[in-house]
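One structure is given here, and the rest of the page talks about it.
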Amino acid sequence: NGSTKKNQIKMSNGAYTTTKPLSWVGLVGKYFSLIAIPDATNYTVSLNEDTDAGLPMQSSIFLSRPAIKSASQNDTFRFYAGPQLKGDMAIYNDASQNSFGVANLQLEAALDSSSWLGWLETILKPILNLLYRFIPNYGIGIIILTFLLKLVLYPISKKGMESTAKMASLSPKMQEIKEKYPDNPTKQNEEMATLYKKEKINPMGGCLPMLLQFPILIAFYGLLNKHFELRGAMFIPGWIPDLSRPDTVFTFPFNLPFLGNELHLLPIIYTVSMIYSMKITQNASTAGSQQSMMKFMTYGMPLMFFFVLYSAPSGLILYWSVMNALSIFQQLYTNKKKEREAKENEAVNVQQFPGPKGKKRT
């Protein structure tokens, strides 16, 4: 066939032609596939892609057979035009399961993801479908799946948050360093690095859970863009009628710079939650260039993702917003726990080492 990852057809200047034997060739869209299946393997296959301003507008398949040497010739062409669902495609591997009596076509190879995280999409999809069988709402399924992923990442996120909370407890020492070297950012950074090493703290430890989310985010994006069952899947009537599309709460009569004329609410919720999550994760007493880096992580990255993901599927933004909310609650709990432990340790130290008592004068 012409769609396995190893033999994926790549167009050059909008066209591709081959005389290599192919059992079938297909064009794959977002949710549907058109697959042409000739009765012989010696056809010349051509794919053409018409573009407008560099954007693909339509694609077409051409099958050309060799010259006929006999008085008559019967050619049979079959086409699969339907959803990208493995169950609908795999029946053509067994002649007893389809009315055409064909077998071993392997049409489901058209479902192969070209993404390097295709294996992660393959894991997430059946879990999401399983959750849908119990609660027939993909929005709720995404929320439950987010909880499950948070549990898987919990050991790593817990360690990162504890490191961040420990940094917060060192704020007085960090402030002393800043006051001692007010005009020497390089010296501040050197002293901070020494303090981190002494206390066995990784200043970027709080960012590790977020970095681990990126592969899941990319896999979710691919899943929501190709998962046929999510096509038109409603979450909240009147707000999110289709999880595979952005949520539109208002349409302006004019275009906004970089955003278009549609107002999407979920990206705003996501951005606010991410900024707040980063603020309670990072430490305000960080010095020098590290302070600039932390400011970028706190404000720059969320704003950058706001514009990049503004028109992303609402299911993707729903996932990340829920993940941010869970991270916020976990970080607040960790911070409170560390504050309580610090106060208890301070009380113990006061009891063990009481201050000097004044003598009563006569």
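Read the figures in this text as sums done on the coordinates, not as results from a lab. These numbers come from a predicted model, not from an experiment. Cβ coordinates were reconstructed from backbone atoms using ideal geometry, including for glycine residues, and neighbour counts include every protein chain displayed.
May I ask you to derive the FRET efficiency for residue 158 and residue 249 from their Cβ-Cβ distance with R0 = 41 Å, giving the value to the nearest 0.05? It comes out at approximately 0.70. Highest mean packing comes first when the peptides 213-220, 67-74, 298-305 are listed by Cβ atoms within 10 Å, giving 213-220, 298-305, 67-74.
Beyond a 30 Å Cα-Cα separation, which of these cross-linked pairs lie in this structure: 198/343; 150/173; 125/200; 295/338; 150/178; 30/159? Cα-Cα > 30 Å for 150/173; 125/200; 150/178; 30/159; rest within.
Taking label positions 7 Å along the Cα-Cβ direction at both residue 97 and residue 119, the computed distance is 2.5 nm, reported to one decimal.
Computed from the C-beta positions of residue 259 and residue 130 and an R0 of 22 Å, the FRET efficiency is 0.05 to the nearest 0.05. Averaging over all projection directions, the Cα-based convex hull of segment 166-278 occupies 11.6 nm² in the image plane. Summarising the label geometry, the points placed 7 Å from Cα in the beta-carbon direction at residue 234 and residue 79 lie 3.3 nm from one another.
Rounded to 0.05, the FRET efficiency of the residue 184 and residue 295 pair, given R0 = 35 Å and the Cβ-Cβ distance, is 0.95. Fully extending the segment from residue 275 to residue 214 would add 20.3 nm, taking 0.36 nm per residue of separation and subtracting the current Cα-Cα distance.
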